[in-house]
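Report on one structure; see the data block that follows.
Laboratory data are not the source of any read-out in this text; all were calculated from the coordinates shown. Since this is a predicted model, take the numbers as computed values, not measurements. Neighbour counts are summed over all protein chains in view; Cβ atoms, including those assigned to glycine, are modelled from backbone coordinates with ideal geometry.
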Amino acid sequence: MSTAVMDKAEADDKAAASHLITVTFRIRRFNSEISDESRWEDFAVDVDPKDRVLDVLHKIKWEIDGTLTFRRSCAHGICGSDAMRINGRNRLACKTLIKDINPEKPITIEAIKGLTVLKDLVVDMDPFFQAYRDVMPFLVTTGNEPTRERLQSAEDRERFDDTTKCILCAACTSSCPVFWNDGQYFGPAAIVNAHRFIFDSRDEAGEQRLEILNDRDGVWRCRTTFNCTDACPRGIEVTKAIQEVKKALITRRF
Ligand code: SF4
Ligand code: FES
């Protein structure tokens, strides 16, 4: 490499290093093979303020402690697998920038609440997905198969547009105090996904889904705390969707 190219590379390295800051990630660790109790562990890491929490977790896992366990897949806010409590609030690690979460103080990272922790930041998602399956999250129709697409007006499509955006990250359900106290509650995410089909003019199982949600563990458990709406990384108006399902149950119009 020529001296000029080396100088440029060194200068680039220095410039890159100059805006790094040191942050402390305070992570709640749990490994049942070591202890029945969880414990906090601090990691000091040099990061770019524009890094995402997920980047820093990768740095810790790849460079400091390979046993750190968390889920992630797409890294772009689509798969919903890296919901976690960051400074006490449910967020997606891949959508949260370090500069936005007060890097001056230790940044706490914990598993989402209300679901059993399997290891570190990984929880057992089975109850969450069971509630999702229970509301029949698919189009139900009767009669002969149509010979052309099932048409729908723009207005009819608009009725459930918001709830189609769900990525099943569980940030809403695991921020709900009713779900923390009683894991039997269907939870906001299942109701959001029921809403998506109940209000679809092409679907014919709305009554059935409403009856499922009329259960003692259904929509009536919602206490309208809005935690779910605040937590949703997709900006879905979760509480509003739950209210619409409640209204449909009373009026039987949807
Ligand atoms: S409604 Fe929002 S917070 Fe809840 S599972 Fe769907 S995307 Fe996640
Ligand atoms: S890793 Fe897929 S949503 Fe964050």
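I want to verify the translational diffusion coefficient of the range 126-251 in µm²/s; compute it with Stokes-Einstein, Rh as the Kirkwood radius over Cα pairs, at 10 °C and 1.306 mPa s.
Estimated diffusion coefficient is 107 µm²/s.
Calculated from DSSP H runs of 4 or more alone, at -39500 (n - 2.57) each and per residue, what is the 222 nm mean residue ellipticity of the chain, nearest 500?
So the helix-based figure for the chain works out to -9000 deg cm²/dmol.
For the range 54-96 and the range 210-254, what is the centre-to-centre distance using only Cα atoms, to the nearest Å?
About 29 Å separates the Cα centre of the range 54-96 from the one of the range 210-254.
Just going by the charge dipole of the chain, with Lys and Arg at +1 and Asp and Glu at -1 on Cβ, which of Thr173, Ser18, Phe30 is farthest out on the positive end?
About the Cα centre, the residue reaching furthest to the positive side is Thr173.
With loop defined by DSSP as not H, G, I, E or B, and exposure as at most 16 other Cβ atoms within 10 Å, which is the longest segment of the chain clear of exposed GluC sites (Glu not before Pro)?
38-103
Compute the Rg to Rh ratio over the range 69-155 from the alpha carbon atoms, using the Kirkwood formula for Rh, and round to two decimal places.
1.18
Which trypsin sites (Lys or Arg not before Pro) in the range 37-129 sit in a loop by DSSP (not H, G, I, E or B) and have at most 14 other Cβ atoms within 10 Å of their own Cβ?
Lys50
Measure nothing but the geometry: give the 0 to 90° angle between the long axis through the Cα atoms of 188-198 and the longest principal axis through the Cα atoms of the chain, rounded to 10°.
Orientation of helix 188-198: about 40 degrees from the principal axis.
Using the structure shown, list the pairs from Lys50/Lys95; Lys119/Lys165; Lys99/Lys165; Lys59/Lys113 with a Cα-Cα distance above 21 Å, or answer none.
From the list (Lys50/Lys95; Lys119/Lys165; Lys99/Lys165; Lys59/Lys113), the Cα-Cα distance tops 21 Å for Lys119/Lys165; Lys99/Lys165; Lys59/Lys113.
Would you mind checking the tilt of helix 238-251 against the longest principal axis of the Cα atoms of the chain, expressed as 0 to 90 degrees and rounded to 10?
The angle comes out near 10 degrees.
What is the sum of charges, Lys and Arg at +1 and Asp and Glu at -1, for the other residues whose Cβ falls under 15 Å from the Cβ of Val47?
Residues close to Val47 contribute a combined charge of -1.
For the chain, divide the Cα radius of gyration by the Kirkwood radius and give the resulting Rg/Rh value with two decimals.
With Rh from the inverse mean 1/r over Cα pairs, Rg/Rh is 1.09.
In what order do Arg223, Arg159 fall by count of nearby beta-carbon atoms within 10 Å, going from fewest to most?
So the residues, fewest neighbours to most, are Arg223, Arg159.
On each of the three principal axes of the Cα atoms of the range 13-123, give max minus min coordinate, whole Å, ordered largest first.
Principal axes ranked by extent give 45, 30, 23 Å for the Cα atoms.
So, counting K/R as plus one and D/E as minus one, what does the shell of residues with Cβ under 10 Å around Ala248 add up to?
That sum, taken over residues with Cβ under 10 Å, equals +3.
What relative contact order, as a whole-number percentage, does the chain give when Cα pairs under 8 Å and 6 or more residues apart are counted?
After rounding, I find 16 percent.
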